[in-house]
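Colleague: The structure under discussion is supplied below as structure tokens; questions concerning it will follow.
The values are calculated or read from the model by the stated rules, or taken from the named source; none is laboratory data. Small disclaimer: the values here were computed from a predicted structure and weren't measured. Here Cβ is always computed from backbone atoms with ideal geometry, including for glycine, and neighbour counts include all displayed protein chains. Calculation scope for accessible area: heavy atoms of the full protein, side chains included, ligands and nucleic acids excluded. Shrake-Rupley method; radii C 1.70, N 1.55, O 1.52, S 1.80 Å.
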Amino acid sequence: MGQKRTLGVVEDSTGVHRRDLDARERILEAAWKNLAELGYSKLTVGGVAADAGVGKATLYRSWPNKAALVLDVIRSQLHDVPTDDLGDSRQEMLTLANEAMLRFYGSGRLRAVLPSLVGDLFDDETLREVMRVEILETRKRQSTVVLERAVARGVLPEDTDVSLVLDMWAGTMLFRSLFGADAVSEEDVVRLVDATIASPPRRPAEVTDGDARRAGLS
């Protein structure tokens, strides 16, 4: 198993204390390995600690539970959500879809762990809630900026269902990662974005009381 090491506190050039990055990388790498081989339900903190060559107590000082550790494992594979104003909404949407989604859902490492992870999400409410709140919803809010800017520019109509657009993009990539022989390609992303611009999903029109009476709905 190798010699155990602790996440010792070290000091960088700015004088700010930080954890031993080498040990942290070993822990995250061991967690990826265990997640791919065992799935979330059978992954244990003890097993990860042993593979990383650290004690369980050391690991628990940085991650209070298994869900927090796996959350950091997933975060380690995520790229920042690009929201810069490039002056071109189509290019911004392409950059968003490629950087924030394709590089994640299309990665070989994620595809190796995704089937077991998705299955375990249905059985573990804690993991599901952590993933939803701390990763999915946070990144979706950030991504919304790009599409709302496209609406403001008139590239997308005012009633575009921005949330549904993002779900459609992510859903397509997730489905292909789980069941497709090949992940979504950059060419596929171009088609998704161009289809969105040409015919975006629209929010349903609000029905007023007068509309309802005229339609015989009340």
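Colleague: Condition (residue is closer than 30 Å to residue 38 by Cα, modelled with pLDDT under 95 and outside any loop (DSSP other than H, G, I, E, B)) applied to the range 197-209: is it met by at least one residue?
Modeller: No.
Colleague: While we're looking at this one, here's another question. Which condition does residue 183 not pass, out of (1) open to solvent by less than 30 Å² (accessible area, probe 1.4 Å); (2) modelled with pLDDT under 95; (3) assigned to a helix (DSSP H, G or I); (4) of a type in the set (A, V, I, L, M, F, W, C), if it passes all the others?
Modeller: (3)
Colleague: Right, next: Regarding residue 48, is this residue buried (at least 18 other Cβ atoms within 10 Å of the Cβ) and over 30 Å from residue 188 (Cα atoms)?
Modeller: Criteria met by residue 48.
Colleague: List pairs: first residue in the range 138-153 and free of Cβ contacts under 8 Å to residues at least 24 places away in the same chain, second residue open to solvent by 30 Å² or more (accessible area, probe 1.4 Å) and acidic (Asp, Glu) anywhere in the structure, Cβ distance under 8 angstrom, at least six positions apart or on different chains.
Modeller: 151/158
Colleague: Any idea which of (1) surrounded by 15 or more Cβ atoms within 10 Å (Cβ to Cβ); (2) in contact with a helix residue (DSSP H, G or I) (Cβ under 7 Å, 6 or more places away or on another chain) is the one residue 145 doesn't satisfy?
Modeller: (2) is the only condition that residue 145 fails.
Colleague: Being part of a helix (DSSP H, G or I), open to solvent by 30 Å² or more (accessible area, probe 1.4 Å) and modelled with pLDDT of 95 or more is the filter; apply it to the range 52-97 and report the residue that is nearest to residue 126 (Cα to Cα).
Modeller: For the range 52-97, the residue satisfying everything is 95.
Colleague: Do we have residue 141 as in a helix (DSSP H, G or I), under 20 Å from the mean Cα position of the chain (by Cα), basic (Lys, Arg) and at pLDDT 90 or above here?
Modeller: So residue 141 passes the test.
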